[in-house]
Amino acid sequence: MLCLGIGEARAAEALKKIRIASKAAGESLVPYVIPQRLGFYREEGLDVDVIVTRGTVTTQVVVSGAVDYSNGGSIPAILGGARLKILQVSTDKPSQYLVVSPKITNMKQLNGKIVAISDSSGNSTLLFRELLSKNGVAVETVQLRALGEPSVRLGALLGGGRWTRL
């Protein structure tokens with residue numbers, strides 16, 4: 001009877017609305033969608049909306065107040081002065097990959113190449129610039145082109161020419 005009474009009281013309470021922006025529709029959604037589908041948020045008094053956006057857009061919508069939380073690349077924004085706090089990191093290594101033509105065997109061969117990146121100011125771009133520097137490649141010798149989604153970047157690489165993708 002006591003548990004039933006608590007459950008009824010919880011049901012009568014208004015749920016707190018929370019909005020989470022997720023940077024992609026793939027595996028980055030899993031930690032949010034599973035608890036949502038299993039009802040864990042409701043059990044805790046939360047009504048959670050998960051909104052799929054692009055990488056840097058997730059940080060922008062948090063800074064603007066349009067959403068409450070995100071799993072996007074917030075490090076460049078924090079370094080730029082945005083008042084954000086990282087609450088959780090779910091991996092111990094970055095999840096970016098550098099995909100290149102088989103003809104490229106070392107970082108120095110990226111000199112003069114065009115690299116397709118997701119956006120001009122996200123975590124992956126910040127890490128890529130650092131990777132170039134640590135490998136003795138002057139960042140200004142590599143042309144970075146923000147093309148957005150992975151399928152578009154892969155298309156640029158497969159299309160030939162001087163493209164590489166991050």
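For the reader, a short list of remarks on this structure follows.
- Members of the range 20-37 that are over 13 Å from Y69 (Cβ atoms) and either out of contact with any strand residue (DSSP E or B) (no Cβ under 9 Å at 6 or more places or on another chain) or among the small types (G, A, S) (or both): A24, A25, G26, E27, V30, I34, R37
- Cβ pairs under 7 Å, 6+ apart, first in the range 51-64 and outside the structural domain of S151 (by TED's automatic domain parsing) and assigned to a helix (DSSP H, G or I), second among the β-branched types (V, I, T) and at pLDDT 80 or above: V61/T53; V61/V67
- Any hit, the range 26-43, residues being touching a residue at least 60 places away in the same chain (Cβ under 8 Å), in a loop (DSSP other than H, G, I, E, B), within 11 Å of the chain's Cα centre (by Cα) and within 30 Å of L158 (Cα to Cα): no
- On the stretch given as the range 3-29, residues that are within 19 Å of T53 (Cα to Cα), hydrophobic (A, V, I, L, M, F, W, C) and at pLDDT 85 or above total 3.
Yes/no matrix, rows are residues, columns are (1) assigned by TED's automatic domain parsing to the domain that holds L158; (2) out of contact with any strand residue (DSSP E or B) (no Cβ under 9 Å at 6 or more places or on another chain); (3) of a type outside the set (A, V, I, L, M, F, W, C):
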site	(1), (2), (3)
V89	no, yes, no
V100	no, no, no
K113	yes, no, yes
A116	yes, no, no
S120	yes, no, yes
L126	yes, yes, no
E130	yes, yes, yes
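- Qualifying positions in the range 81-103 - of a type outside the set (S, T, Y), surrounded by 10 or more Cβ atoms within 10 Å (Cβ to Cβ) and free of Cβ contacts under 8 Å to residues at least 60 places away in the same chain: A82, L84, P94
- Qualifying residues in the range 102-112 (those that are modelled with pLDDT of 90 or more and out of contact with any helix residue (DSSP H, G or I) (no Cβ under 9 Å at 6 or more places or on another chain)) - the one nearest to K134 (Cα to Cα): K108
- Evaluation of G136 against the conditions (1) loosely packed, with under 11 Cβ neighbours inside 10 Å; (2) touching a residue at least 24 places away in the same chain (Cβ under 8 Å); (3) small (G, A, S); (4) within 30 Å of Y32 (Cβ to Cβ) shows that the sole unmet condition is (4).
The values are calculated or read from the model by the stated rules, or taken from the named source; none is laboratory data. Values in this document were obtained by computation on a predicted structure and should not be read as measured data. Positions of Cβ are generated from backbone atoms using ideal geometry, with glycine treated the same way; all protein chains shown enter the neighbour counts.
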